[in-house]
Amino acid sequence: MTELTLTTKTVARIKADAVVVAVGQRDGNPVLLDGADLPRSVTSSLTALLPALGVKGGTDEVVRAVAGDGLAAEVVVLTGVGPADDVELEALRRAAGAAVRSLAGTGDVVLALPAETAEQVGAVAEGALLGAYRYARYRSSGPAPVARIELASPIARTKDAKAALARAVIIAEGVSGARDLVNASPSDLYPQSFAEEATALAKGTKVKVQVLDDKALRAGGYGGLLGVGQGSERPPRMVKLSYSPARAKAHYALVGKGITFDSGGLSIKPAKGMETMKMDMAGAATVLHTVLAAAALELPVKVTGWLALAENMPSGTAQRPSDVITIRGGKTVEVLNTDAEGRLVMADALVAAGEESPDAVIDIATLTGAQMVALGSQVGAVMGTDELRDEVVAAAGSAGEQFWPMPLPSELAESMKSQVADIANMGDRFGGMLVAGLFLKEFVGQLPWAHLDIAGPAFNEGKPRGYTAQGGTGTGLRTLLTVLERAAAR
């Protein structure tokens with residue numbers, strides 16, 4: 001990962017390939033923001049150049065200019081933050097990320113962005129490191145990420161600034177790790193290899209790993225995982241991650257959907273619909289790296305992660321529409337559509353998580369296309385018990401991720417009634433995201449619970465933006481980690 005250090009050096013004297021300066025908007029005009037501590041002559045010349053360069057100071061705007069006299073750096077990168085008088089932390093994350101992403105192939109970069117508080121230091125560092133991400137596993141060429149970044153801050157030597165940087169590094173490592181898993185080819189990432197990767201990543205940490213193979217799943221009555229995975233030559237796995245610090249203040253169970261490839265099974269998807277289905281394990285990737293991040297931060301909260309891993313494939317042994325399966329715990333499900341498979345593996349994991357009586361259960365899944373119909377590709381949904389749902393939404397806002405609270409209307413549950421089983425895996429197609437949430441609710445019991453549907457935000461099919469690259473995004477990790485941090489602070 002890109003190296004990032006803090007410095008109190010005068011920006012103008014730091015030799016670098018580029019120096020990044022923030023531009024905001026005030027009264028319809030672009031203005032340079034405080035934080036750069038640039039010489040007055042440099043500030044004056046850059047300010048005069050802004051109109052000619054077409055700089056407006058809007059978010060995700062990045063413009064390069066020759067540094068000129070007064071700076072040791074060769075290039076000035078002007079990055080937009082939006083309103084100049086009320087710069088939010090997320091605006092700093094995006095501005096830093098967009099600038100660093102645009103500088104791929106560059107050796108040394110100086111960030112001269114507003115960083116006068118620990119929160120600002122953390123936001124800028126986080127955005128820069130996330131913007132430096134590049135997935136190159138299958139590439140033979142292409143520009144490397146920025147090699148080294150110096151973040152200029154007047155509080156660089158303080159304990160709070162150093163702690164903010166350390167946290168930002170852990171978050172960036174976690175998000176990047178989740179992105180790597182999502183971006184991996186499904187020929188390389190399947191239930192067994194995912195479980196092996198989780199085991200390898202946890203080695204040397206305070207996280208313990210238990211892997212249930214198909215024999216153990218059968219013995220344990222995990223009918224959802226077995227049913228979904230039976231069409232593939234690569235059998236399912238359940239991975240349990242346990243971080244159990246002494247004197248933990250609370251116990252949170254995190255459940256992640258891990259469909260390593262979703263063809264739809266016998267209810268097969270059209271070819272176009274399968275192109276991005278390697279990302280259907282994003283929830284499990286997020287849970288894995290959230291648990292590892294909680295351990296790295298040494299949070300005084302017990303965290304148990306459950307990764308429900310299966311590959312949903314069509315074959316002569318595949319699950320059929322009208323099959324009836326038995327979820328762990330004994331509840332039966334009539335499978336009406338084999339492409340509604342995520343809720344089946346999640347049901348198994350939710351029951352297992354609940355058996356340990358945690359203080360709260362949070363699941364995260366690329367569960368429904370209906371989520372994108374309702375909220376688009378950049379905003380996730382949160383359902384569940386009111387208090388925990390609102391807690392998750394508040395944490396997301398603080399973390400800089402977009403989630404929206406959604407209801408669980410009890411009348412929609414009627415549409416999942418089955419003539420032959422306790423419940424069907426399909427219901428009314430109108431409000432399909434809510435129906436899926438209501439299905440999961442059947443397997444939670446009375447525990448505080450929140451369900452995050454990230455079908456859209458988990459994978460960026462469009463152009464890169466801010467600190468978000470194309471492909472896997474790692475959405476949800478920062479929100480979940482913030483929930484855990486707030487629980488630790490109570």
Across the range 31-72, what is the number of residues that are in a loop (DSSP other than H, G, I, E, B), within 34 Å of the chain's Cα centre (by Cα) and small (Gly, Ala, Ser)? 5
Residue set 232, 267; condition in contact (Cβ under 8 Å) with a residue 24 or more places away in the chain, part of a loop (DSSP other than H, G, I, E, B), over 17 Å from residue 298 (Cβ atoms) and out of contact with any strand residue (DSSP E or B) (no Cβ under 8 Å at 6 or more places or on another chain); output residue 267
The lone exception for residue 212 - which of (1) without any contact (Cβ under 8 Å) to a residue 40 or more places away in the chain; (2) surrounded by fewer than 18 Cβ atoms within 10 Å (Cβ to Cβ) it fails: (2)
Residues of the range 123-152 being surrounded by fewer than 24 Cβ atoms within 10 Å (Cβ to Cβ) and in contact with a Lys or Arg (Cβ under 6 Å, 6 or more places away or on another chain), which ones? 145
Cβ contacts < 8 Å: first residue outside the structural domain of residue 305 (by TED's automatic domain parsing), restricted to the range 334-346; second residue outside any helix (DSSP H, G or I) and among the polar types (S, T, N, Q), any location; separation 6+ or different chain. Result? none
What are the pairs, 6+ residues apart or on separate chains, where a residue within the range 86-103 that is assigned by TED's automatic domain parsing to the domain that holds residue 147 has its Cβ under 8 Å from a residue that is modelled with pLDDT of 95 or more and polar (S, T, N, Q)? 89/120; 92/120; 95/79; 96/79; 97/468; 98/79; 99/79; 100/2
Checked the range 398-446 for anything without any contact (Cβ under 8 Å) to a residue 12 or more places away in the chain and either of a type in the set (Phe, Trp, Tyr) or in contact with a Cys (Cβ under 8 Å, 6 or more places away or on another chain) (or both); matches are 430
Would you mind stating whether residue 160 is over 24 Å from residue 10 (Cβ atoms) and either assigned to a helix (DSSP H, G or I) or among the charged types (D, E, K, R) (or both)? no
Within the range 54-63, is there a residue that is buried (at least 21 other Cβ atoms within 10 Å of the Cβ), over 16 Å from residue 42 (Cβ atoms), touching a residue at least 12 places away in the same chain (Cβ under 8 Å) and of a type in the set (Val, Ile, Thr)? no
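The values are calculated or read from the model by the stated rules, or taken from the named source; none is laboratory data. Given the structure is predicted, the values throughout are model-derived calculations rather than measurements. Don't worry about glycine lacking a Cβ; one is built from the backbone with ideal geometry, like all the others, and counts go over all protein chains shown.
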